[in-house]
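Some notes on the structure that comes next.
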Amino acid sequence: MPDIKWITNNSLTKPSHQNEFSFAKVNSVQQFHAGFPGYAPTPLVSLTSMAQSLGLGGLYVKDESYRFGLNAFKALGGSYAIGRYLADRLGIDIAEATFEVLTSPATKKKLGEMTFVTATDGNHGRGVAWAAAKLGHKSVVYMPKGSSPERLKNIQREGAEASITALNYDDAVRLAADNAQKHGWIVVQDTAWPGYQEIPLWIMQGYTTMAMEAYQELAAQKVKPTHIFLQAGVGSFAAAIQAFVLNAYPDAPPKVVIVEPHAANCIFRSAEAGDGKPRFVSGDMNTIMAGLACGEPSTIAWGILAAASDMFISCPDWVAARGMRVLGNPLGTDSRIIAGESGAVTAGIVSLLMTCSDLSQAREELKLNSSAQVLVINTEGDTDPDNYRSIVWDGAYSSPV
C-alpha cells in the first residue's frame, strides 16, 4: 500500500478530561443546541450494501453536512462556546442561557455588542460567524493562505468581517489572538494552548451534541459500535468524541482510530515520538483536506487522544478523494452521501483497510471483521463545490491502487 502509515497505541489509560464529557454534561450541551432555531438531529445513514461488500457487520455514517444548513458540524462548537461565555458574563448557568434569554433586549442592554474573533480553514469560522450573528454580536475571521474563496464568501455571508491572510493556519491563530488583545475582542478558537484552555474546552463540549445524537440513533437500532474512525486537525473534534464514547460505553468502549493527512499529521507525529509530548508540523501544509491542515495539536485534545485512542493513521490526499467517490457512488440500495475532503477521509481509509492486503496487519490488530460495527462521521459536505466536482467528476487525486 503506497504511503499509508499507522501506529497502534499500546498504553491506553484514562484521559484527564474524561469527566468533562460525562452523560450529564453532554445532555446539557444537546439541550442548549435544541433551543436554537433550525435545530434537528443530523441523519445517521446505514450503508448496508457497502458493509457487506467490505466484509463488515455494519457501516454507519453520521452526516453532519445537514447541520443548521451550514454544510458542516462546526457551528456546534462555536455556538456553545459563545453561549457559555455569555452565560458567564450574565452570571447564570448554561441551563438558564436559552436562545431566548441570550437574544433578549435585557441581555443586549447588559452586555452590549461584543466581537468574537477566530482563525479558520473554513467551517469553524463560518460556525462562529453564524453563532455570533444569531446571538446578536459581531465576528472577525482570519483564514490561512490558500483558503477557498468560496469558503471565504460563505463566512462573509454570515455577517463576519473575514479575509484570507498570507499566513499558515497556526500563524493565523496567533494573529487572531494578538488582535483580540489589541481590540478587546474574544477569541473563540478550537485549539488550546498554555493560558488558553476554557473556551477550547467549551468548543469541544459543543461538538458532543453530534456524539449524543449518534449514540441515541444507534441505540434505537440496537447497535453498539465496535469501531469509530475520527479525522483530526488540531484534534479537538476527535478528542471530544473519544472522551464521550468512553463514558457512553464504559464496559467495552469502541476502538477509536485517528486519521490525518500526511501534510498536517501533528497527532500522528506526536504518537510516533512515543514520549507523550506533542509534535508540531510547520510550513504550508498543502492538503486537499483543508479542515485538517493544522500543525499544532490542541493541548487538551492531545492529552485525551494520547491516553485513549487505539490507532493513529497518516495518509495521502488520494485516500480522502477515494472516500468522496465511495460515499458519492453508493452500492445497492445505500443512500448517496455528499462528503467534502475532510469529511470523507475516514470512509476512504475504512474501505482500504478492508480491501488492501498491505494493510492486513492493521486490520487484524483492530479486529475489523464481519462482526465489526463501524461508525464514521462525515464532518462536512461539498464546502468547496469546484474542488468536489474536480475530484468526484474528473477523478482528481485518483487512487494508485
Take the residues in the range 106-157 that are in contact with a Gly (Cβ under 8 Å, 6 or more places away or on another chain) and in a loop (DSSP other than H, G, I, E, B), then tell me which one is surrounded by the most Cβ atoms within 10 Å (Cβ to Cβ). GLY122
Residue that is surrounded by the fewest Cβ atoms within 10 Å (Cβ to Cβ), among those in the range 47-70 that are in contact with a Gly (Cβ under 7 Å, 6 or more places away or on another chain) and either on the phi > 0 side of the Ramachandran plot or not in a helix (DSSP H, G or I) (or both): GLY69
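Among the residues in the range 250-263, are any closer than 18 Å to ASP317 by Cα, touching a Ser or Thr at 6+ places or on another chain (Cβ under 9 Å), at pLDDT 95 or above and part of a helix (DSSP H, G or I)?
Let us first name the residues in the range 250-263 that are closer than 18 Å to ASP317 by Cα, namely 257-263.
When the remaining residues are screened for being touching a Ser or Thr at 6+ places or on another chain (Cβ under 9 Å), the result is 257-263.
In the following step, the residues that additionally are at pLDDT 95 or above were identified as 257-263.
After this cut, where a residue has to be part of a helix (DSSP H, G or I) as well, the list is 262-263.
The answer is yes, given that some residue of the range 250-263 is closer than 18 Å to ASP317 by Cα, touching a Ser or Thr at 6+ places or on another chain (Cβ under 9 Å), at pLDDT 95 or above and part of a helix (DSSP H, G or I).
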Residue check, ASP334 more than 22 Å from PHE73 (Cβ to Cβ) and touching a Ser or Thr at 6+ places or on another chain (Cβ under 9 Å): no
Set ALA176, ALA133, ALA166: member being more than 16 Å from THR383 (Cβ to Cβ) and either among the polar types (S, T, N, Q) or in contact (Cβ under 8 Å) with a residue 40 or more places away in the chain (or both): ALA176
Given (1) touching a helix residue (DSSP H, G or I) at 6+ places or on another chain (Cβ under 8 Å); (2) surrounded by fewer than 19 Cβ atoms within 10 Å (Cβ to Cβ), where does ASP382 come up short, assuming only one miss? (2)
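Per-residue answers, yes or no, for (1) within 17 Å of VAL61 (Cα to Cα); (2) charged (D, E, K, R):
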residue: ARG157; (1), (2): no, yes
residue: THR165; (1), (2): no, no
residue: TRP185; (1), (2): no, no
residue: ILE199; (1), (2): no, no
residue: ALA214; (1), (2): yes, no
residue: PRO225; (1), (2): yes, no
residue: GLN231; (1), (2): yes, no
Could you check the range 352-401 and list, in sequence order, the residues that are of a type outside the set (Lys, Arg), farther than 30 Å from GLY127 by Cβ, in a loop (DSSP other than H, G, I, E, B) and touching a strand residue (DSSP E or B) at 6+ places or on another chain (Cβ under 9 Å)? LEU368, ALA372
Note on the range 123-157: residues more than 20 Å from the chain's Cα centre (by Cα) and within 27 Å of GLY112 (Cβ to Cβ) are ALA133, LYS134, LEU135, GLY136, HIS137, LYS138, SER139, VAL140, GLN156, ARG157
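Somewhere in the range 195-207, is a residue more than 23 Å from ASP93 (Cα to Cα), aliphatic (A, V, I, L, M) and out of contact with any Lys or Arg (no Cβ under 9 Å at 6 or more places or on another chain)?
Start the filter on the range 195-207 by keeping residues that are more than 23 Å from ASP93 (Cα to Cα), which leaves 195.
This time we only want the ones that are aliphatic (A, V, I, L, M), so: none.
For the range 195-207, residues more than 23 Å from ASP93 (Cα to Cα), aliphatic (A, V, I, L, M) and out of contact with any Lys or Arg (no Cβ under 9 Å at 6 or more places or on another chain): absent.
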Need the failing condition index for GLY91 against (1) modelled with pLDDT of 95 or more; (2) under 24 Å from the mean Cα position of the chain (by Cα); (3) not assigned by TED's automatic domain parsing to the domain that holds VAL223, just the number. (2)
Check on PHE229, assigned by TED's automatic domain parsing to the domain that holds VAL45, more than 23 Å from GLY348 (Cα to Cα) and outside any loop (DSSP other than H, G, I, E, B): no
Assigned by TED's automatic domain parsing to the domain that holds GLN221 and closer than 14 Å to THR209 by Cα: is that true of LYS62 in this structure? yes
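The values are calculated or read from the model by the stated rules, or taken from the named source; none is laboratory data. Quantities reported herein were computed from a predicted structural model and do not represent experimental measurements. Note that we place each Cβ from the backbone using ideal geometry, even for glycine, and neighbour counts take in every protein chain shown.
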